Amino acid sequence: MAQIPNLDNTSPLNLKSLREQSQKDLVKILKDIRGKKCLVIEPKLGGSLSLIIQTSLLKEYGIELRHLSAEPVQTDCTKVVYLVPSQRDLMKSISSHVHDDISKGLQREYYIYFVPRREIQCERILEEEKVHHLITIGEYPLYVVPVDEDILSFELDLAYKQCQVDGDTGSLWHIAKAIHKLEMALSEINTLILIDREVDMVSPMCSQLTYEGLLDEFLRINNGSVELGFIYNGCSTRGKKMKVPLNSSDKLFKEIRDLNFEVVVQVLRQKATSMKQDYTEMTTTNQTVSELKDFVKKLNSLPEMTRHINLAQHLSTFTSKPSFLAKLDMEHTIIEASSYDICFDYIEEMIHKQEPLVNVLRLLILFSVTNSGLPKKHFDYLRQAVRELLHSYGFEHMATLNNLEKAGLLKKQESKSNWLTVKRALQLVVEDTDTANPNDIAYVFSGYAPLSIRLVQHAVRSGWRAMEEILKLLPGPHTETKRLGFASSPSFATLQGASNGVDKIADGRRSLVLVVFVGGVTFAEIAALRFLSAQEGMAYDLIIGTTKMVNGHSLVETFFETIG
């Protein structure tokens, strides 16, 4: 498992205690099952657990670790403990394992711990498979995973698709439970801002241009790390994937993660030049003990420097391609709503070139969302063109198109788009953005200020009542409420009259605002939030909660179906 962030005294919220409690809960479950045991973890859940507990700690308790698959569990242990999310398909695999053991005459004790809670539908399948009576069932209430010092994930990969397409709102219960648990465990939260991803599907469809955002776009950051399969730190990985942690424990990464990528290259070059000069001075002049000590400190940061120079060099092979630059130009053209025909022709050309389906859909969604759909003739033409493209990818993706239509991400234009009005009113396009010395959140997309973060910016400054008419142009309802009584009180009352933004703490401390994204958040949006929080005169610390870290690709892929 990847190195987990320290979470030591750097966050305004005590996330370390939250992580430690989750560790204790898991260790207690395993300790209560006496004797040698095999812990079988659903793979995706294993990724989440890597942010909670180190593998070495589990092995100290004599636990064998396996990933859940369709294949029988190979172990000499007589006790098998399954740690799985409440998914019905997984119950079939577990039932198959039990039946396989019985057929071989193996006598074992079986345990299933559902994460975060058990569901009747899952147990019903175990009953149908005639294994329920052989299994001890419990819960591991892991509702929140600290991803970094200011990020909390509810680990709900499919929340947006489930709500928008399947009509399954179970994830909303999970989110409410998670927020409640946070409030009970950590009483520092003063204000909660909830942003539904549906309100802003423009930002995740755009290419992120911060360092961390680009790493996610091209290398896919999973659970705070990336897997590399290229020449790294001067040596080839020889086809094997190497896992590299990316979190605030890496001081250099913390410094550069939220910078626009073109600035990151300059910063790394300056640091490398400075280190080279220091080395030259060390070898040509007499140094004091204090100066030697300072130089050794700098040398200690050399592995971090080498890591990020290699990563930046690798990213540059993508960002320097004419095709990437052309795509950026097209994204900005779509956002500015300046040339409908040019945008349509570009997407049409992508389809004819048979570019990867997710690339086509990502730009098509951006085009559709900003235009409130596509005119009927263009919609029918593009739909037919994409259907023809499915000859290359498989007709199971016909269901993918239907899912996107059902979610309202690809649709026929039935009314005039509000995008121009919203864009101008919220100043979403900022001309001549200075990415090296930014004065606006628009630097994260080199000129486009993410709509979601503009809404947060207005909420903390003056509240949403002052922009009521603009909010009416965005998808879904909006509300601003104030809770009465003590922190443990569940009662809420709607604010009357104009709001002055979020509440301030009387004793001079910065008020803590939890910003929760229902449906996922991108690293570029998080960078914009950190930028806001760091501004002079800002009275609030911002902590991010999300159903999952996403980018345009991962979000579109949740709508993919694999039928037949």
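Condition check for Tyr346 on (1) part of a helix (DSSP H, G or I); (2) hydroxyl-bearing (Ser, Thr, Tyr); (3) touching a residue at least 24 places away in the same chain (Cβ under 8 Å): one failure, at (3). Once segment 17-52 is narrowed to residues that are more than 25 Å from Met91 (Cβ to Cβ), touching a helix residue (DSSP H, G or I) at 6+ places or on another chain (Cβ under 9 Å) and not hydroxyl-bearing (Ser, Thr, Tyr), the residue that is surrounded by the most Cβ atoms within 10 Å (Cβ to Cβ) is Leu51.
Select from segment 407-419 the residues that are in contact (Cβ under 8 Å) with a residue 40 or more places away in the chain and surrounded by 13 or more Cβ atoms within 10 Å (Cβ to Cβ) and list them in ascending order. Break it down into steps so the answer makes sense when it comes.
Filtering segment 407-419 down to residues in contact (Cβ under 8 Å) with a residue 40 or more places away in the chain leaves 407-411, 413-419.
Within segment 407-419, Ala407, Gly408, Leu409, Leu410, Lys411, Gln413, Ser417, Asn418, Trp419 qualify.
Checked against (1) buried (at least 20 other Cβ atoms within 10 Å of the Cβ); (2) more than 20 Å from Leu259 (Cβ to Cβ), Tyr443 passes all but a single condition, namely (2). What about Lys130, is it modelled with pLDDT under 95 and open to solvent by 80 Å² or more (accessible area, probe 1.4 Å)? Against the criterion (modelled with pLDDT under 95 and open to solvent by 80 Å² or more (accessible area, probe 1.4 Å)), Lys130 does not qualify. Here segment 70-107 is the region considered, the condition is being in contact with a strand residue (DSSP E or B) (Cβ under 9 Å, 6 or more places away or on another chain) and open to solvent by 40 Å² or more (accessible area, probe 1.4 Å), and the residue that is nearest to Gly138 (Cα to Cα) is Thr78.
Would you confirm, using the coordinates I've provided, whether Tyr143 is buried (at least 17 other Cβ atoms within 10 Å of the Cβ), of a type outside the set (D, E, K, R), at pLDDT 95 or above and farther than 23 Å from Ser225 by Cα?
Numbers: buried (at least 17 other Cβ atoms within 10 Å of the Cβ): yes; of a type outside the set (D, E, K, R): yes; at pLDDT 95 or above: yes; farther than 23 Å from Ser225 by Cα: no.
When the stated conditions are applied, Tyr143 does not pass them.
Set side by side, the residues Asn223, Asn190 differ, and just one is modelled with pLDDT under 95, surrounded by 15 or more Cβ atoms within 10 Å (Cβ to Cβ) and more than 22 Å from the chain's Cα centre (by Cα), which is Asn190. Applying a threshold of 7 Å to beta carbon distances and a minimum spacing of six or more residues, or different chains, the list of pairs starting in segment 58-69 at a residue that is under 14 Å from Leu45 (Cβ atoms) and ending at one that is open to solvent by less than 50 Å² (accessible area, probe 1.4 Å) and part of a helix (DSSP H, G or I) reads Leu65/Thr55; Leu65/Leu58; His67/Gly46; Leu68/Leu90; Leu68/Ser93. In segment 231-254, the qualifying residues are those that are modelled with pLDDT of 90 or more and either touching a helix residue (DSSP H, G or I) at 6+ places or on another chain (Cβ under 8 Å) or open to solvent by 100 Å² or more (accessible area, probe 1.4 Å) (or both), and the one that is nearest to Glu149 (Cα to Cα) is Ser248.
Quick one: would you say Pro490 is surrounded by fewer than 14 Cβ atoms within 10 Å (Cβ to Cβ), assigned to a loop (DSSP other than H, G, I, E, B), modelled with pLDDT under 60 and on the phi < 0 side of the Ramachandran plot? Yes. Residues in segment 1-30 that are within 25 Å of Asp541 (Cβ to Cβ) and of a type in the set (D, E, K, R) were compared, and the one that is modelled with the lowest pLDDT is Asp8. Which of (1) in contact with a Pro (Cβ under 9 Å, 6 or more places away or on another chain); (2) under 17 Å from Gln23 (Cα atoms); (3) modelled with pLDDT of 95 or more does Asp101 not meet, given it meets every other one? Asp101 satisfies all of (1) in contact with a Pro (Cβ under 9 Å, 6 or more places away or on another chain); (2) under 17 Å from Gln23 (Cα atoms); (3) modelled with pLDDT of 95 or more except (2). Summed over segment 514-564, the residues that are part of a loop (DSSP other than H, G, I, E, B), open to solvent by less than 40 Å² (accessible area, probe 1.4 Å) and either farther than 24 Å from His174 by Cβ or in contact with a His (Cβ under 9 Å, 6 or more places away or on another chain) (or both) give a count of 3.
Against the definition (part of a loop (DSSP other than H, G, I, E, B), out of contact with any Phe, Trp or Tyr (no Cβ under 6 Å at 6 or more places or on another chain) and at pLDDT 95 or above), how does Ser207 come out, yes or no? Against the criterion (part of a loop (DSSP other than H, G, I, E, B), out of contact with any Phe, Trp or Tyr (no Cβ under 6 Å at 6 or more places or on another chain) and at pLDDT 95 or above), Ser207 qualifies.
Can you tell me how many residues in segment 19-57 are free of Cβ contacts under 8 Å to residues at least 12 places away in the same chain and not in a loop (DSSP other than H, G, I, E, B)?
So the first thing to find is which residues in segment 19-57 are free of Cβ contacts under 8 Å to residues at least 12 places away in the same chain, and the list is 20, 24, 28, 32, 34, 56.
Subset that is not in a loop (DSSP other than H, G, I, E, B): 20, 24, 28, 32, 56.
The qualifying residues number 5.
Which members of segment 361-378 meet the condition of being open to solvent by 20 Å² or more (accessible area, probe 1.4 Å), of a type outside the set (A, V, I, L, M) and either more than 23 Å from Leu328 (Cα to Cα) or in a helix (DSSP H, G or I) (or both)?
Once the filter is applied, which keeps residues that are open to solvent by 20 Å² or more (accessible area, probe 1.4 Å), of a type outside the set (A, V, I, L, M) and either more than 23 Å from Leu328 (Cα to Cα) or in a helix (DSSP H, G or I) (or both), segment 361-378 yields Pro375, Lys376, Lys377, His378.
The values are calculated or read from the model by the stated rules, or taken from the named source; none is laboratory data. Keep in mind the model is a prediction, meaning the values are calculated, not measured. Ideal geometry is used to build each Cβ from the backbone, glycine not excepted, and the neighbour counts take in all protein chains shown. To get the accessible areas, we keep the full protein, side chains included, count just its heavy atoms, and leave off ligands, DNA and RNA. Shrake-Rupley method; radii C 1.70, N 1.55, O 1.52, S 1.80 Å.
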